[in-house]
Structure formats: structure tokens, C-alpha cells
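These notes are about the structure you will find just below.
What follows is calculated from the coordinates using simple rules that are stated; it is not laboratory data. Remember, predicted model here, so these are calculated numbers, not experimental data. Cβ coordinates were reconstructed from backbone atoms using ideal geometry, including for glycine residues, and neighbour counts include every protein chain displayed.
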Amino acid sequence: MFVVIANIQVKPESVEAFREACIANSRGSLQEPECLRFDVLQQQEDPTKFSLYEVYRRAEGFAAHKETPHYAAWAEKAATMQAGPRASAKFTKVYPEDAS
């Protein structure tokens, strides 16, 4: 499995629009055959801070995700709402192992 966690801070006036854009991106992403999970998380202490938790079968699935229309629409909208650059980290699942 290939996991991406993206951390994004948005402008206070953009919180609701950003939530809506992320939900639309998540819904589209969950229709992709390689996407296993796509959670949109909002920090309780600072509602301008979001994390996107994305799980794909393989790294190639994430690469394909970045070529979809729903991702392009999200990226364009998100760029205008961000309070700074987004940070992301990529992970490989270690445990628990999947039963095959």
C-alpha cells in the first residue's frame, strides 16, 4: 500500500469552501480503482488546518489520481485558498500486514 498525508493550512475566510472542495475531491477519488481510502481531516484546535489521508494500492495509483479531472479542479481551487504551501509525506504500510 501507498499512503499520502498532506497537511494544508487555509485562509480563515476559505475554510468552508476548502472543506467543500476537499469533499468533492474525496468522492471522486474513492471512485478510482486504486484508491482505497481518502479521509478529509480538520484540526479541532485550529479549523484552518486540514490533513488529507489517502491510501492507494500502489504508488502508480496515486500518480494516476493526480491526472484526474477532480484532482485538477481541487488543485486549482485549493491554490487560491491556501495560507501557504502544502506539505505532504509518502508512506509505505508496515503493520498490520494484509491477509492475502
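Once you keep just the Cα pairs under 8 angstrom separated by 6 or more residues, what percentage relative contact order results for the chain?
About 44 percent, as a whole number.
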Qualifying GluC sites (Glu not before Pro) in the stretch 16-100, DSSP loop, other Cβ atoms within 10 Å at most 12: 45, 67, 97
Helix-only [θ]222 nm of the chain, DSSP H runs n ≥ 4, -39500 (n - 2.57) each, per residue, nearest 500: -11000 deg cm²/dmol
For the stretch 39-57 and the stretch 1-38, distance of Cα centres in Å: 8
